[in-house]
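Notes for the one structure printed next.
The values are calculated or read from the model by the stated rules, or taken from the named source; none is laboratory data. All values derive from a computational prediction rather than experimental measurement. Ideal geometry is used to build each Cβ from the backbone, glycine not excepted, and the neighbour counts take in all protein chains shown. Protein only, heavy atoms only, side chains kept; ligands, DNA and RNA dropped before computing areas. Shrake-Rupley method; radii C 1.70, N 1.55, O 1.52, S 1.80 Å.
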Amino acid sequence: MTDTISYRLEPTDPAGHRCTVTVSIPDPDPTGQRVSLPAWIPGSYMIRDFARQIESIDARAWGRKVELTKLDKHTWQAAPCRGPLVITCTIYAWDLSVRAAHLDETHGFFNGTSVFLRIAGQEDRPCLLELAPPRGLDWKVYTSLPEAAGHPQRASRHGFGMYQAPDYDALIDHPIEMGTPQVARFEAHGAPHELVFTGKVANLDLERLVADIRKICEKQIAFFEPRTGRAPFLDSSDRYVFMTMVTGDGYGGLEHRSSTALMTSRADLPVRGRPEQTEGYRNFLGLVSHEYFHTWNVKRIKPAAFAPYDLERENHTRLLWLFEGFTSYYDDLFVLRAGLITPQDYLRTLAKTISSVHAAPGRFKQSVAESSFDAWTRYYKQDENSPNAIVSYYAKGSLAALGLDLLLRHESGGRHGLDDVMRLLWTRYGRNFYRGSPQGVPEDAMPALIREATGVDVREFLRRYVYGREDVPLADLLRRHGYALAWKAGSSVPSMGVKTARQEEELRLATVYERGPAHRAGLSAHDVLVAIDGVRVQNGNFDKLLARYRPGDRVEVHAFRRDELRRFTVKLEPAPETECTIAPSSPGAGPLLG
């Protein structure tokens with residue numbers, strides 16, 4: 001096809017973490033073709049400037065060098081020429097995360113936003129991608145990117161060769177894993193799924209992972225498509241791929257239209273022959289559920305600000321409380337609905353989220369709508385004062401979703417709930433997003449959509465708890481459904497109002513909570529505690545020292561600020577009631593939202 005943009009990716013230097021990427025442009029702009037690498041990756045709302053990892057870039061046409069002029073931090077312009085214009089980059093890939101690219105002798109992982117140049121003005125053209133094998137390494141390929149149908153060099157399943165995408169947006173939305181991972185497969189409602197685990201992990205219980213993750217996938221597919229049971233990714237691929245990088249202490253995920261990139265600690269994965277369920281494994285199942293739910297909510301049901309993405313700059317929206325907060329609400333809920341955790345497990349997880357939100361005074365300074373808008377500059381760039389200044393649109397957004405669900409169920413007499421809202425969003429905005437109707441959710445659409453789905457007017461709720469900064473009244477809402485929410489102190493030790501961080505033998509103040517005892521005494525984040533009433537502070541003895549005092553006692557604290565020794569007098573307070581519990585208030589209380 002003469003209008004096809006052709007790419008080639010080869011891991012040329014795994015030991016040096018370098019790959020070579022070539023793009024051939026058959027019909028370059030006659031005034032000088034511009035190319036660029038995205039500044040960010042959808043799903044992770046921070047400017048990351050991936051172009052900084054381009055070590056060299058070169059352009060040629062008909063065997064002759066073409067001058068490239070760099071216009072800004074991620075854009076180049078070629079001198080006018082006749083096509084095909086071939087641009088070759090050497091890219092450094094050593095970012096072990098779900099957001100970028102990572103290459104060594106054990107594996108290669110590539111997000112398209114880190115390696116594939118965008119051809120200005122030709123983003124809607126079809127793309128071919130040749131994946132070339134590294135020399136001397138017997139690797140296979142794992143990706144949801146479709147093989148190039150009808151091409152003489154079409155890749156076989158898991159093979160190197162030619163793949164295809166309908167446009168640039170699709171090309172960069174199918175990450176690629178190369179290597180020799182542990183792999184398992186299953187079907188959910190007839191749709192193929194693959195589990196890919198990269199990294200050393202002994203006795204991995206793949207059978208259990210297949211059984212558990214299949215249940216989550218089947219529940220979510222049936223939730224959005226109760227009549228057809230059709231998986232959403234079949235509009236883009238014939239399979240869904242869970243790509244998991246296993247490390248010593250990693251955790252995270254990033255959604256894509258037909259796959260997800262995950263990172264987890266090997267200690268959180270199940271071991272063959274050990275049927276017990278650890279908290280770490282429950283957390284991993286919650287992560288899987290979260291990213292899979294994104295296949296509908298944010299990859300197809302999108303805010304209008306993301307339809308289409310502008311990959312050169314921030315794309316602001318006040319709706320991440322819907323796309324991340326609601327997803328955070330449903331992730332553990334679907335683990336419950338799949339029968340993989342008990343109702344008691346779910347209530348404990350819910351209480352933990354409530355406790356974490358209420359522990360940070362920043363929730364009174366920023367709404368979740370404001371947090372959504374400021375994600376680029378505040379949520380993704382947190383510092384020592386963030387707990388005092390911001391709120392998480394993930395965590396408080398999930399509480400807003402819980403509160404809405406409880407309110408809708410109560411006001412409708414149990415006939416409707418948040419499930420109805422999600423299904424309306426899916427049919428209205430998501431189902432046909434990649435079928436020729438890429439319409440996003442307008443910024444002000446939710447009150448009317450919720451009323452249409454449930455008949456309940458929630459404008460006041462949204463005004464106070466989403467666009468306002470009040471706490472969601474969960475105690476009252478839960479009480480209406482037969483559950484009691486209670487608060488207790490998380491410790492019997494008097495409080496200085498700080499969060500500490502261990503660094504070798506030092507104990508540093510990570511956060512000083514506003515209006516707390518340490519703040520009033522003049523202590524600051526990054527101060528290194530030396531002594532309390534003349535007794536040395538060491539790792540592990542901070543709480544033991546404070547346990548010898550009572551609320552109201554004054555203690556003399558010595559601390560280093562930079563290289564200067566300072567002395568402070570701190571009046572201790574009772575430990576705050578920041579630990580939440582949820583339990584049925586009567587023996588007849590039914591399951592909560594299951």
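Worth pointing out:
- Computed from Cα atoms alone, the Kirkwood hydrodynamic radius reported for the stretch 396-446 is 12.3 Å.
- Among 314-324, 67-77, 233-243, the peptide with the highest mean count of other Cβ atoms within 10 Å heads the list, and the full ranking is 314-324, 233-243, 67-77.
- Rounded if a/c under 1.5, otherwise prolate or oblate - the stretch 228-383, Cα gyration tensor axes: oblate
- Only aspartates and glutamates eight or more places from LYS219 in sequence, or on another chain, were considered; those with a Cα closer than 15 Å are GLU187, GLU291, ASP331, ASP332, ASP419.
- Take every pair of alpha-carbon atoms less than 8 Å apart whose residues are at least six positions apart; their mean separation over the length of the chain yields a relative contact order of 10 percent.
- For the chain, the solvent-accessible area with a 1.4 angstrom probe is 43 square angstrom per residue.
- One chain, two ends: TYR467 and THR427. Fully extended at 0.36 nm per residue, the span grows by 11.8 nm beyond their Cα-Cα distance.
- Of the GluC sites (Glu not before Pro) in the stretch 476-561, the ones in a loop by DSSP (not H, G, I, E or B) with at most 11 other beta carbons within 10 Å are GLU504, GLU505.
- Among 258-264, 481-487, 41-47, sorting by the average number of other beta carbon atoms lying within 10 angstrom of each residue, highest first, gives 258-264, 41-47, 481-487.
- Using C-alpha pairs under 8 Å with a sequence gap of at least 6, the mean separation divided by the residue count of the stretch 335-490 gives a relative contact order of 24 percent.
- Protection proxy ranking, peptides 144-156, 212-224, 350-362, average beta carbon neighbours within 10 Å, highest first: 212-224, 350-362, 144-156
- The local environment of ARG272, defined by Cβ-Cβ distances under 11 Å, has a net charge of 0 under the rule Lys, Arg +1 and Asp, Glu -1.
- Within the stretch 63-143, the proportion of C-alpha pairs whose separation exceeds 20 Å stands at 48%.
- Gyration tensor over the Cα atoms of the stretch 166-205: the corresponding equivalent ellipsoid has semi-axes (square roots of 5 times the eigenvalues, largest first) of 25, 17, 6 Å.
- Cut-off 11 Å between beta-carbons: net charge of the residues surrounding GLN164, Lys and Arg +1, Asp and Glu -1: -2
- DSSP bridge pairs, the chain: antiparallel proportion in percent, nearest 5: 80
- Over the chain: Kirkwood hydrodynamic radius from C-alpha pairwise inverse distances, Å: 26.3
- Trypsin sites (Lys or Arg not before Pro) within the stretch 488-594: DSSP coil, no more than 10 neighbouring Cβ in 10 Å: ARG515, ARG562
- The stretch 121-275 - Rg over Rh from alpha carbon coordinates, Kirkwood radius: 0.99
- Rel. contact order, % - alpha carbon contacts under 8 angstrom, at least six apart, the stretch 42-140: 21
- Extension gain for TRP487-ARG561 works out to 23.1 nm (0.36 nm per residue, less the C-alpha to C-alpha distance).
- Greater than 20 Å apart at Cα, pairs in LYS352/LYS488; LYS302/LYS381; LYS381/LYS499; LYS352/LYS381: LYS302/LYS381; LYS352/LYS381
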